[in-house]
Amino acid sequence: MDWQTLAILAQVEIEWRQLPEDVGCVGTWVRLYASLSEDGASCSQHPPRRVWFIDRHGIHAKDVSSYARFHAVLIEQKWLSPMIYSRPNEKIFGRRHEIGLAAIAPLNGGPDWYLEFQWGHLCGASYRYCAMPSIEKVVRLNRLWIS
C-alpha cells in the first residue's frame, strides 16, 4: 500500500479516536474509492476498491464483500418492512451510530485527497487533504461540508 493511502487512513483513525465518549462510535468502516474528478461527487455512486475497519485495536484490512454485507443489512434494509421494525426512539436513546462510515479517494489523480466521515446523524464532515511527499504526511487544506 502506498504512503498516501496509509497517511490518509491514519488521519481517519486520529479523527475517530478524538470523538467524544457520548458519540458512542465503537468502530468505523473506511472505504477507498477510485480517483474523483470533483470533491466527493461520485464517492457513493461506485463500489469501493478497498475497505478497512478501525476499532480500538487499530486498522484492519477487510474484504469489500464484508462492507457490502454490512451496508445491505444495516444501512439499506430493503428486505425489512417498516411495519415490522421501527428504529429506537431518539428521545430516549439519542441519535447515535455505533459504527461510523468514512470514505477516502484521491482527487483528480493529483496530490489532493477527499476524506468524509459520518459518525452520527449530526456528526459528519468532509475535508480536502494534500499529500506532502517530502514528509510523507497529509495536511488538511479545507473543510468542504459539515453536519
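The values are calculated or read from the model by the stated rules, or taken from the named source; none is laboratory data. A quick note: this is a predicted structure, and the numbers were derived from the prediction, not measured. Don't worry about glycine lacking a Cβ; one is built from the backbone with ideal geometry, like all the others, and counts go over all protein chains shown. Only protein heavy atoms, including side chains, enter the accessible area calculation; ligands, DNA and RNA are left aside. Shrake-Rupley method; radii C 1.70, N 1.55, O 1.52, S 1.80 Å.
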Net charge contributed by nearby residues that have their C-beta within less than 9 Å of residue 52 (K/R +1, D/E -1): +3
Long-range HN-HN contacts of residue 107 with modeled amide H, under 5 Å: 36, 112, 113, 114
Rg to Rh quotient for the stretch 1-76, alpha carbon positions, Kirkwood Rh: 0.96
Exposure of residue 23 as accessible area (Å², to 10), given a probe of 1.4 Å and all protein chains: 30
Sorted peptide list for 24-30, 61-67, criterion being average Cβ within 10 angstrom, highest first: 24-30, 61-67
Accessible area, probe 1.4 Å, largest first, for residues 49, 56: 56, 49
Spacing of the two label points (7 Å from each Cα toward its C-beta) at residue 128 and residue 146, in nm: 1.7
